[in-house]
Amino acid sequence: MAETRRFVHISLVLTSWMLTLATPLPAQEPAKSHPEKTMTAVRINPRPPVLDGVLDDEVWQSAPSFTGFTQKDPKEGEPATEKTTVQLIY
């Protein structure tokens with residue numbers, strides 16, 4: 001009789017635990033401390049630039065530059081301590 005009670009008790013605990021795990025949490029919006037930014041990539045056709053570290057290829061003249069990055073560490077949200085410029089091409 002004691003074994004049956006123990007089995008029922010363990011079964012109830014496990015069932016309750018499984019139901020708790022199966023219950024979805026309410027959706028929460030992620031905290032946004034900064035507005036989202038977007039970048040536009042420029043399609044290159046017919047030939048890609050030479051990847052030599054020198055930005056004298058014509059495609060770089062037509063690709064927009066993106067700046068204004070912020071740092072994550074050590075001071076999140078502060079302006080970047082180093083100048084960063086990004087251009088996207090494909």
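The values are calculated or read from the model by the stated rules, or taken from the named source; none is laboratory data. Since this is a predicted model, take the numbers as computed values, not measurements. Here Cβ is always computed from backbone atoms with ideal geometry, including for glycine, and neighbour counts include all displayed protein chains. With ligands, DNA and RNA removed, areas are computed over all heavy atoms of the protein, side chains included. Shrake-Rupley method; radii C 1.70, N 1.55, O 1.52, S 1.80 Å.
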Inset, instruction - Find the accessible area per residue for segment 41-90; the probe is 1.4 Å, ligands and nucleic acids are left out, and the unit is Å². - result: 85 Å²
Legend entry - Mean Cβ count within 10 Å, highest first, over the residues of peptides 72-83, 48-59: 48-59, 72-83
